[in-house]
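Below is one structure, written out as C-alpha cells; the observations come after it.
The values are calculated or read from the model by the stated rules, or taken from the named source; none is laboratory data. Everything numeric in this text was worked out from a predicted model, so none of it was measured. Methodologically, a virtual Cβ is constructed for each residue, glycine included, from the backbone with ideal geometry; neighbour enumeration extends over all protein chains shown.
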Amino acid sequence: MSGVRVGVVGVGALGQHHARIYADLAGVRLVGVYDTDEARAREVARRHSVPVFERLDDLLEEVEAVSLAVPTVDHHALGRTLLGAGKHVLVEKPLTRTLLEADELIGLAATQGSVLQVGHVERFNPAFSLLRSAVRAPRFVEVHRLSAFSMRSLDIDVVLDLMIHDLDLVLALDASEPEQVDAVGVPVLSSRPDIANARLRFASGLIANLTASRVSTERVRKFRVFAPRTYVSADLAAREAQVYRLEGEASAPEIRIERVSAPEQEPLRLELEAFVRAVGEGSAPAVSGADGRRALALALTILERVGDQSSGPPQ
C-alpha cells in the first residue's frame, strides 16, 4: 500500500468523519485510530477495517501525519507530543486554549519542519469560496451561526465552539487588525456563555457583527457581506451563495444576480485533501498555525469583553 500514512487521534463526533474520509481518500493510507475510549475506537476502526492502537506511541511509529480531534483542553499536550515526534498535524479548532500554548505548537512545528494545519473547515466551504472571490474591500459583514444545544464541546464556550469559525472567515476577508471589539454573552444551559454577540471595527473600516448561539431551535449558518456595488449572501449550511452586483450607469442601473450551489462538495473532505497535499508536497497549509492563532486571539479578546459585560458595574 502506498500514499501518505495517516492516523486519527480522537474518533468522537468529529474525528469519526476524519477516519471515514481518510479511508476513502486517494493518495492516503489510513493506518489506524487511537482514542482513550477503546470501545469507541474499536467501533470506528471496524467500519474501515483498520487497527486500533492501544498506545499512542505505537500509532506514531506507523504514521507520517495525524488528525487531532480531541477536546480543546487536550490540544496543547497532545499536539506537543505529535509535533515533537516529527509528525505533521491537523488540529481541530480552536488551535489551543491560550496564546502561549498556540505559540509553543507553532514554534515546535517550525523547528521540526512539520505541517501544522488548523481545522477551520468553513474556509473550504464552496459558498465561502465564492463569497471570497466575489467581494473586494468589504465594508460590512453580518453573521448568524445558530445551533441546538448539545453536550459536545462543553469544555469551551460558544465563542470558541461556534463563533470562532466565522471570526476566521472575517479575518480571511480582511488583513487589517481589529481596532475596536464590543461583545456581550450569557450562559443559558451551561456554566459558560452559550449565546454571544460581537461587533468588530477593523483598521480598514470594515464593521463585522457576529452572533453565535448553541441554544437555538434551528440550525443557521448565514454569512452576509456588503461592499461597494456588491452584496453576497452565503448559506454555509446549504453550501450555496447569491451574489448581487450593481452594474451600469446611475441613469440606467442594473442588478445582476449570480447563484451558485454545491451541496455535494463536503468541506471536511476538501480540508483533509488540502492537508494531505501540503504533507505530500511539503508546502504551506491552507490554514496555518498563524491563522489559527489570529482567530484564537480575537476570540479571547471577545471573551474578555463578555467577561467585562457580565461582571457589571462596580457596586
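Taking the criterion of being over 22 Å from E92 (Cα atoms), free of Cβ contacts under 8 Å to residues at least 24 places away in the same chain, surrounded by fewer than 23 Cβ atoms within 10 Å (Cβ to Cβ) and out of contact with any Gly (no Cβ under 9 Å at 6 or more places or on another chain), would at least one residue in region 219-232 satisfy it? Yes, region 219-232 has at least one match.
Surrounded by fewer than 17 Cβ atoms within 10 Å (Cβ to Cβ) and not aromatic (F, W, Y): does that describe G86? Considered against the rule, which asks whether it is surrounded by fewer than 17 Cβ atoms within 10 Å (Cβ to Cβ) and not aromatic (F, W, Y), G86 comes out as yes. Within region 235-273, the residues that satisfy the criterion of being among the hydroxyl-bearing types (S, T, Y) and either under 22 Å from V143 (Cα atoms) or crowded, with 17+ Cβ neighbours inside 10 Å (or both) are Y244, S261.
Being without any contact (Cβ under 8 Å) to a residue 24 or more places away in the chain and under 23 Å from A69 (Cα atoms) is a description that applies to A237. Return the residues of region 141-185 that are assigned to a loop (DSSP other than H, G, I, E, B), more than 20 Å from A234 (Cβ to Cβ) and among the polar types (S, T, N, Q); say none if nothing qualifies. Once the filter is applied, which keeps residues that are assigned to a loop (DSSP other than H, G, I, E, B), more than 20 Å from A234 (Cβ to Cβ) and among the polar types (S, T, N, Q), region 141-185 yields S150, S153, S176. Which condition number in (1) within 30 Å of L189 (Cβ to Cβ); (2) without any contact (Cβ under 8 Å) to a residue 24 or more places away in the chain is the one that A208 fails? Going through the list (1) within 30 Å of L189 (Cβ to Cβ); (2) without any contact (Cβ under 8 Å) to a residue 24 or more places away in the chain, A208 breaks only (2).
Screening V188 against (1) assigned by TED's automatic domain parsing to the domain that holds L236; (2) part of a loop (DSSP other than H, G, I, E, B); (3) within 21 Å of the chain's Cα centre (by Cα) leaves a single unmet condition, (3). Taking the criterion of being farther than 18 Å from A295 by Cβ, hydrophobic (A, V, I, L, M, F, W, C) and touching a residue at least 60 places away in the same chain (Cβ under 8 Å), the residues of region 141-191 that qualify are L146, A148, F149, V184, V186. If you check A39, A19 for being free of Cβ contacts under 8 Å to residues at least 60 places away in the same chain, assigned to a helix (DSSP H, G or I) and crowded, with 22+ Cβ neighbours inside 10 Å, only one passes: A19. For region 55-98, the set of residues classified as under 16 Å from G292 (Cα atoms) and either assigned to a strand (DSSP E or B) or not assigned by TED's automatic domain parsing to the domain that holds Y34 (or both) consists of S67, L68, H88, V89, L90, V91, E92, listed by residue number.
Rundown of residues vs (1) of a type in the set (K, R); (2) in contact with a helix residue (DSSP H, G or I) (Cβ under 8 Å, 6 or more places away or on another chain); (3) over 30 Å from R245 (Cα atoms), yes/no style:
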{"site": "R55", "(1), (2), (3)": "yes, no, yes"}
{"site": "E62", "(1), (2), (3)": "no, no, yes"}
{"site": "L83", "(1), (2), (3)": "no, yes, yes"}
{"site": "L105", "(1), (2), (3)": "no, yes, yes"}
{"site": "Q117", "(1), (2), (3)": "no, yes, yes"}
{"site": "S133", "(1), (2), (3)": "no, no, no"}
{"site": "V143", "(1), (2), (3)": "no, yes, no"}
{"site": "L160", "(1), (2), (3)": "no, yes, yes"}
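All but one of (1) crowded, with 19+ Cβ neighbours inside 10 Å; (2) modelled with pLDDT under 95 hold for S150, so report the exception by its number. For S150, the failing item is (1).
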